[in-house]
Amino acid sequence: MNFQSISQFLNIHRPIIISGPCSAETEEQTIATAKQIAATGKVHALRAGIWKPRTRPGQYEGAGDIGLQWLMAAKKETGLPVTTEVANAAHVEASLKAGVDILWIGARTTVNPFSVQEVADSLKGVDIPVMVKNPVNPDLELWIGAMERLSKAGIKTMAAIHRGFSSHEKGPFRNLPMWDIAIELKTRLPELEIICDPSHISGNRDLIAFISQKALDLDMAGLMIESHIHPDAAWSDAKQQVTPAALGKIVSELVVRSVSSENKMFKDTLSVLREQIDHLDDEIMQKMAARMKISEKIGQYKKDNNVTILQVGRWEEIIKTRVTLSKAMGLDEGFTRDLLRLVHHESIQVQEKVMNKTEVKV
Ligand code: PEP
Ligand code: MN
């Protein structure tokens, strides 16, 4: 896939800032929000949902076609290009007819290849940028697949939007960021710009600045942040929306770092530190290989003596002693537990292989 970037399309330097209400509710709210965010001087495009996919029926499902007129009026007032979510061919047709500048596909649509294909088919022969939110479930192939469908339909300018993944777990986030998936996407498609949506990740306006900074530090190309003139009275996603003034403050306080530096001293110091890391990684791998060799021996020994692979007592002891030790060395407890779980899992696989001569990885 070849992409042209949204930052080029907008003719701006990164980070791209897209903001506006979760939903266009009334003409006044849409235009007033647009004017106030434009006045911050920090925003490059206006977003607003016209057709809202809601989890439960009976919630505000968007203004429908009339909302497009409000969005276009807001564009006329502010000069900001506008973007909205499309989920089917009818949405695409109405948006194109109204003159929307950029389309996006929402998380609940990306998850369904039939819907994505319908949107892609309705865009054949149309030159418009499309942003693709990650599917609600953490499936990178599905995310990439949606972009492939658009690319095959002839869409050239594309971006991915990272809005987090829904989970049964109740944590500080509405949708788990699972940054590794976005990093993997960046590795697989280096030319593709990724825009982070901290509003839908956090579900809570207090976390937006923190998530936004983290996204920029992971070299994401921009942010899509929901804003509303009266956030608490918003008809959808009230808790996560911020006032245009708060948006302006969040964006001005972001530290924008560059992905590299031409400074010689910086480069030299970095390469010395990286050499040290390379050397340590080498050692870690050698130790891991040695550890697995011992696991293999243990597997054989347990087999000869008809003893089970897993002894819970031993596993608990490993966790306890290693966590105490690593804490004393300043390592994060969660990291140590994750690492040990991974090593233990592999050690069980190795023993399983010796005991049952199985090649199946589970
Ligand atoms: C939205 O942007 O308002 C929206 C519905 O987002 P998502 O598709 O990420 O849930
Ligand atoms: Mn929303």
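The values are calculated or read from the model by the stated rules, or taken from the named source; none is laboratory data. Bear in mind the structure is a predicted one, so any value in this text is a computation, not a measurement. Every residue, glycine among them, receives a Cβ derived from its backbone with ideal geometry; neighbour counts consider all protein chains shown. For the accessible areas, the whole protein counts, side chains as well, though only heavy atoms, and no ligand, DNA or RNA atoms are used. Shrake-Rupley method; radii C 1.70, N 1.55, O 1.52, S 1.80 Å.
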Here, the chain modelled as identical Cα point scatterers in vacuum has Debye log10 I(q)/I(0) at q = 0.09, 0.14 Å⁻¹ of -0.63, -1.12
Output row, site Lys353, 7 Å Cα→C-beta label point, backbone N cut-off 17 Å, window segment 273-300, residues 285-300
Scoring segment 216-342 by relative contact order with C-alpha pairs under 8 Å, at least six apart, yields a percentage of 12
Filtered hits (aspartates and glutamates, Cα-Cα < 16 Å from Lys297, offset >= 8 within chain) -> Glu346, Glu352
Rounded to the nearest 5, the percent of antiparallel DSSP beta bridges in the chain equals 5
The long-range amide H neighbours of Val82, using H built 1.01 Å from N in the peptide plane and a cut-off of under 5 Å, are Leu46, Asp101, Ile102
Computed for the chain: size of charge dipole around the Cα centre, +1 on C-beta of each Lys and Arg, -1 on C-beta of each Asp and Glu, debye to nearest 20, value 600
Here the residues of segment 116-143 lying in the modelled label zone of Ala90, meaning backbone nitrogen under 19 Å from a point 7 Å along Cα-to-Cβ, are 116-123
With x for Gly and Pro, the residue-by-residue ³J(HN,Hα) of segment 82-87, computed from phi through the Karplus equation 6.51 cos²θ - 1.76 cosθ + 1.60 at θ = phi - 60° and given in whole Hz, is 10, 9, 9, 8, 10, 10
Which of Val86, Val242, Val307 fluctuates most in a GNM of the chain (C-alpha springs under 10 Å)? That residue is Val307
Checking segment 152-250 for GluC sites (Glu not before Pro) in a loop per DSSP with at most 13 other beta-carbon atoms within 10 Å yields Glu169, Glu191
Taking Cα atoms only, helix 65-78 is inclined relative to the longest principal axis of the chain by an angle, in degrees rounded to 10, of 80
Highest GNM mean-square fluctuation among Leu189, Leu123, Leu340, for the chain with Cα springs under 10 Å, belongs to Leu340
Under 5 Å from the placed amide H of Glu193, counting only residues 5+ away or on other chains, we find Ile6, Ala160
Karplus-derived 3J(HN,Hα) from phi for segment 334-347 (6.51 cos²θ - 1.76 cosθ + 1.60, θ = phi - 60°), whole Hz, x at Gly and Pro, runs x, 4, 4, 4, 4, 4, 5, 4, 5, 5, 5, 4, 5, 5
Between Glu316 and Gln8, the two model label points (7 Å from Cα along the beta-carbon direction) sit apart by a distance in nm of 6.0
With the 8 Å Cα cutoff and a minimum separation of six or more residues, segment 6-252 has a relative contact order in percent of 20
FRET efficiency (Ala73, Ile128; Cβ distance; R0 25 Å; to 0.05) is 0.80
Note to self: with every protein chain in place and a 1.4 Å probe, segment 264-355 gives an accessible area per residue in Å² of 78
Calc'd 3J(HN,Hα), segment 188-205, phi into Karplus 6.51 cos²θ - 1.76 cosθ + 1.60 (θ = phi - 60°), Hz, glycine/Pro = x, comes to 6, 10, x, 7, 7, 7, 10, 10, 8, 10, x, 5, 7, 5, 7, x, 7, 5
Counting sequence-distant residues (5 or more places) and residues on other chains, those with an amide H built under 5 Å from that of Phe165 are Leu176
A chain fully extended from Asp278 to Met329 at 0.36 nm per residue, minus the present Cα-Cα distance, gains in nm 16.3 nm
When the charge dipole of the chain is computed with +1 on Lys and Arg Cβ and -1 on Asp and Glu Cβ about the Cα centre, the Cα farthest towards its positive end, among Thr187, Met131, Trp70, belongs to Thr187
Expressed in angstrom and rounded, the centroid-to-centroid distance over alpha carbons for segment 42-119 and segment 263-314 is 50
Counting only DSSP loop positions in segment 303-362, the GluC sites (Glu not before Pro) whose Cβ has at most 13 other Cβ atoms within 10 Å are Glu359
Expressed as a percent, the accessible surface of segment 264-355 that is carbon or sulfur, using a 1.4 Å probe and the full set of protein chains, is 61
Ordered by number, the trypsin sites (Lys or Arg not before Pro) in segment 1-63 that occupy a DSSP loop and have at most 16 other Cβ atoms within 10 Å are Arg54
In nm, the gap between the two label points placed 7 Å beyond Cα toward Cβ at Lys264 and Glu169 is 4.7
Under a 1.4 Å probe, counting only protein heavy atoms, Leu185 has an accessible area in Å², nearest 10, of 0
Pairs over 31 Å Cα to Cα, from Lys52/Lys97; Lys42/Lys133; Lys249/Lys327; Lys97/Lys214; Lys75/Lys170, come to Lys249/Lys327; Lys97/Lys214; Lys75/Lys170
About its Cα centre, segment 149-254 carries a charge dipole, from +1 on Lys and Arg Cβ atoms and -1 on Asp and Glu Cβ atoms, whose size in debye to the nearest 20 is 320
Excluding residues fewer than 8 positions from Lys353 in its own chain, the aspartates and glutamates with Cα under 20 Å of it are Glu296, Asp304
Gyration tensor on Cα atoms of segment 133-265, a ≥ b ≥ c root eigenvalues, a/c under 1.5 rounded, else prolate if a/b beats b/c, else oblate, says oblate
Mean-square fluctuation maximum in Gaussian network of the chain, Cα pairs under 10 Å, restricted to Asn305, Asn137, Asn11, hits Asn305
FRET efficiency for Arg188 and Ile66 from the Cβ-Cβ distance with R0 = 51 Å, rounded to 0.05, comes out at 0.80
